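The values are calculated or read from the model by the stated rules, or taken from the named source; none is laboratory data. Since this is a predicted model, take the numbers as computed values, not measurements. A quick note on method: Cβ atoms are made from the backbone with ideal geometry, for glycine too, and the neighbour counts reach across all protein chains shown. Just so you know, the surface numbers come from the protein's heavy atoms only, side chains and all, with ligands and any DNA or RNA stripped out. Shrake-Rupley method; radii C 1.70, N 1.55, O 1.52, S 1.80 Å.
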Amino acid sequence: MIRLNQVKMPLKHEREAIETQILKQLRIKPAELKNWQIRKESLDARKEPPVIVYTIDCEVTGESKLLSKNKSLQPSPNESYILPVTASGAPTLEHRPVVIGFGPAGMFAAWLLTEMGYKPLVLERGADVDQRSEDVQSYWQGGPLKPESNIQFGEGGAGTFSDGKLTTRIKDLRAKSVLELLAAHGAPEEIQYRNKPHIGTDLLKPTVKQFREKLISKGAEIRFNTKVEELCFKNEQLEALLLADGTRIPAETAVLAIGHSARDTFEMLDKAKVAMTQKPFAIGVRIEHPQSLIDTTQYGNHETELSERFGAAEYHLSTEAENGRSVYTFCMCPGGFVVGAASEPDTIVTNGMSEHARNQPNANSALLVGITPEDFPSDRALAGMDLQRAIEKKAFELGQSSHKAPVMTVGAFLDNTQPNQIGSVQPSYTPGYVLADLAEGLPAPLIEAMRDALPKLDRKLKGFAMADAIMTGFETRTSSPVRIVRDQTTLESASHQGLYPCGEGAGYAGGIMSSACDGLRVAEKIIERWAPSK
C-alpha cells in the first residue's frame, strides 16, 4: 500500500470528498484506487479556517510503477504486531503462568499468553465489571466503601472508571495492536485513527467484558474476588502463590500487574524483600470549569463546527512555579464528573471520569504538583505511599469524616481566605462535598506552587483561574509511588526469578496504552524463555 500524509480537508466534508482528494494527490483514475483506509485524523487549527488532516493508506493498481514515478510517495510502513515465537529448545513450564491483576497490563499479558497457547490463570482481587459497577455506584450514592471492589480494584483496573483515554507518548508498534484489539471487542472504530482517542467509561465496561469472554473461550481461566496474600519463593525463585482463602497455587512464573493502589501487596513484597525503590510522582486537586468556557477558549470562532466534529474541547497545560516545582494538568475529562476513588476506609481520593459523549456541564482535570523522594517522610521504599495515605486521611477529616470531599473556589484559594460559598460552577463530585480550606490538607510547597501557577496557566488558557472554578481535594493516585525493580533484559524482578512486574503498579507505565503495551512486553519475555506446559 501507499501512504499519503497531509491530506487536508475542510471541517465539513463527506467521505466521497476524501476519495476525490486521494485521486487528485495520487494523480490516478478512480478505477485504479482499489481500497483506502484512514490511519490518522487530526485537527490543524493554526490556519483560518481550520482543516482536518488525514494520513491515509491506499491500495492502488500498479503500486510499484506509481512509487517509481512519483518520488514524493512512500510505501506504507509495516505496523503490524508480530506474535513472538517460543525459543527453540526452551524448557517447558511445569505449571501454567499466573497473571495477578486484570487491569490493562494484566489483560494484555493474558491475551498474548492465551494466543500463544499458555492458558494462563488470571487472579483479580476485585469483582467482575458488572458487580464492580454496582459497588461503585452504591459508594457514590453514600453507601459503604468496599475495599476490594471500587474504582481502583476489579475487572479492567482503574481505567475502567475514567475518560478511557488512549493517547500515549510512547513510540511502540504494540500500541496499534492494542487499539485494534479494543476496537475488535466493542470500542468505537474511530480509536484506531483519531489523534486523541478515548472510549469513555460507559463503553469501556462492555469492551472489558467482551475481552474477558474471548480469553476464556480460548483457554484462559479468570478468577475474580481472588486475592494473592503471599508469594512463596525458594532460593529467590518463585514456586507458589498463597491466596487469601488459604489455597496454594504452584507457579514458577507470574506476571505482577497489580495497579498503583495495591498497597497491601506492596507491603507484602517489601516484607519478602523484593527489590523496590522510591519513585517520583505528583499530587494535587481536581479543578472544574464550565465546559462551555473551555470550548469557547479552545475552538474560538469555530466552536459550533468543531464541537460537532470533535466533541467537547480538551486542554493540557504546564508551567514551573517560582519554587521550582512543575505544575501541570493531567487526565483532563471534557464534559465529565469528579468522582470518589478511595480504596481504603476513612480516606478521600478524587479522580475524573467521562462517558463517551462527554456531554456533562463541567470540564475537569487534575491540577498536579511534582514531588520527589526528598518530599517523602522517610527513606523506606514505600514512603511515597505513606505520604499519599496521610493526605487522603486529611481529606477525609476536611470532609467532616464522611464520604464527602473538601472543595473550595479558585478565588478563595488564590486569596487565601476561608471558603464560604459556591459560585457559578457547581461541584460534580459524588457522593457530595463540603466547603473547606484545601491549604490545610497539602504540604505548604505544593500549595505555594499551585497559587503561583494558576495565574500563569490562565495566561495560556483564558479563564483557567476564574474565581468560580472549583477545586476538589485531593488527587493522590496519579501514578505509582514505587518502582518494583526489574532486570532490563529479562524484565524479571531484579531480586526474585519468575516474578514479572509490569504496568502502572510496578512503575513502568502511566495510562491504559502504556500499561497494555508493557503487559505485552512482559508476556513476550515469558514466551521467549518458556514453552507452555503440557
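Give me the mean projected area, in nm² to one decimal, of the convex hull enclosing the Cα positions of segment 1-79.
Across all orientations, segment 1-79 yields a mean hull projection of 5.5 nm².
For residue 531, what residues show an amide H to amide H distance below 5 Å, using hydrogens built from the backbone and excluding near sequence neighbours?
92, 93
Residue by residue through segment 494-510, which ³J(HN,Hα) values in whole Hz follow from phi under the Karplus form 6.51 cos²θ - 1.76 cosθ + 1.60 (θ = phi - 60°), with glycine and proline marked x?
5, 10, 9, 6, x, 9, 10, x, 7, x, 5, x, 7, x, 10, 7, x
Considering the options 281, 186, 328, tell which one lies farthest towards the positive end of the dipole of the chain, charges being +1 on Lys and Arg and -1 on Asp and Glu at the Cβ, about the Cα centre.
186
Please compute the net charge surrounding residue 464, taking Lys and Arg as +1 and Asp and Glu as -1 over other residues with Cβ under 10 Å from its Cβ.
Overall, the nearby charge balance is +3.
Give a residue-ordered list of calculated ³J(HN,Hα) values for segment 469-483 (Karplus: 6.51 cos²θ - 1.76 cosθ + 1.60, θ = phi - 60°; whole Hz; x for Gly, Pro).
Going residue by residue, I get 4, 9, 10, 10, x, 10, 9, 10, 9, 6, 6, 5, x, 9, 10 Hz, with x marking Gly and Pro.
Please list the non-local residues whose amide H lies under 5 Å from the amide H of residue 486, H modeled 1.01 Å from N, same-chain partners needing a gap of 5 or more.
494
Please report, as a whole percent, how much of the solvent-accessible surface of segment 1-108 comes from carbon and sulfur atoms (probe radius 1.4 Å).
Of all accessible area on segment 1-108, carbon and sulfur atoms account for 50 percent.
If the viscosity is 0.890 mPa s and the temperature 25 °C, what translational diffusion coefficient in µm²/s does Stokes-Einstein give for segment 366-438 when Rh comes from Kirkwood over Cα pairs?
For these conditions, the coefficient is 175 µm²/s.
If packing is taken as the average count of other Cβ atoms within 10 Å, what order do 468-481, 414-427 fall into, highest mean first?
Ranked by mean Cβ neighbours within 10 Å, highest first: 468-481, 414-427.
Let's see if you can work this out: charge +1 on each Lys and Arg Cβ, -1 on each Asp and Glu Cβ, no other charges. What is the dipole magnitude of the chain about its Cα centre, in debye to the nearest 20?
Result for the chain is approximately 1740 debye, rounded to the nearest 20.
Got a number for carbon plus sulfur as a percent of segment 163-246's accessible area, 1.4 Å probe?
Percent of accessible area from carbon and sulfur atoms in segment 163-246: 45.
First select every other residue whose beta carbon is under 12 angstrom from the beta carbon of residue 43; then total the charges, Lys and Arg +1, Asp and Glu -1.
Computed value for this residue: +3.
What does the net charge come to around residue 111 if you take all other residues with beta carbon closer than 11 Å to its beta carbon, with K and R at +1 and D and E at -1?
+2
Could you look at segment 252-377 and say what percent of its accessible area is carbon and sulfur, using a 1.4 Å probe and all protein chains?
Its accessible area is 48 percent carbon and sulfur atoms.
Excluding ligands, DNA and RNA, what is the solvent-accessible area per residue of the chain at a probe of 1.4 Å, expressed in Å²?
42 Å²
Sorted by accessible area (1.4 Å probe), largest first, how do 230, 397 line up?
These residues rank, largest area first, as 397, 230.
Per DSSP H run of at least 4 residues, take -39500 (n - 2.57); add these up for the chain, divide by its residues and hand me the 222 nm value, nearest 500 deg cm²/dmol.
Calculated from helices alone, the mean residue ellipticity at 222 nm is -9000 deg cm²/dmol.
Once you keep just the Cα pairs under 8 angstrom separated by 6 or more residues, what percentage relative contact order results for the chain?
19 percent
Check which residues have an amide H placed less than 5 Å from residue 282's amide H, if you skip close sequence neighbours.
So residue 282 has HN proximity to 371, 478, 479.
Listed here are the pairs 12/40; 165/404; 196/462; 394/460; 227/273; 205/227; which of them are more than 24 Å apart at the Cα?
165/404; 394/460
Each residue of segment 49-62 in order: what ³J(HN,Hα) in whole Hz does its phi give by Karplus 6.51 cos²θ - 1.76 cosθ + 1.60, θ = phi - 60°, with x for Gly and Pro?
Computed from phi, the couplings for segment 49-62 are x, x, 10, 8, 10, 10, 10, 10, 9, 10, 9, 10, 6, x Hz.
Let me check something: with ligands and nucleic acids excluded, how do 24, 146 order by accessible area (1.4 Å probe), largest to smallest?
Result of the area sort, largest leading: 24, 146.
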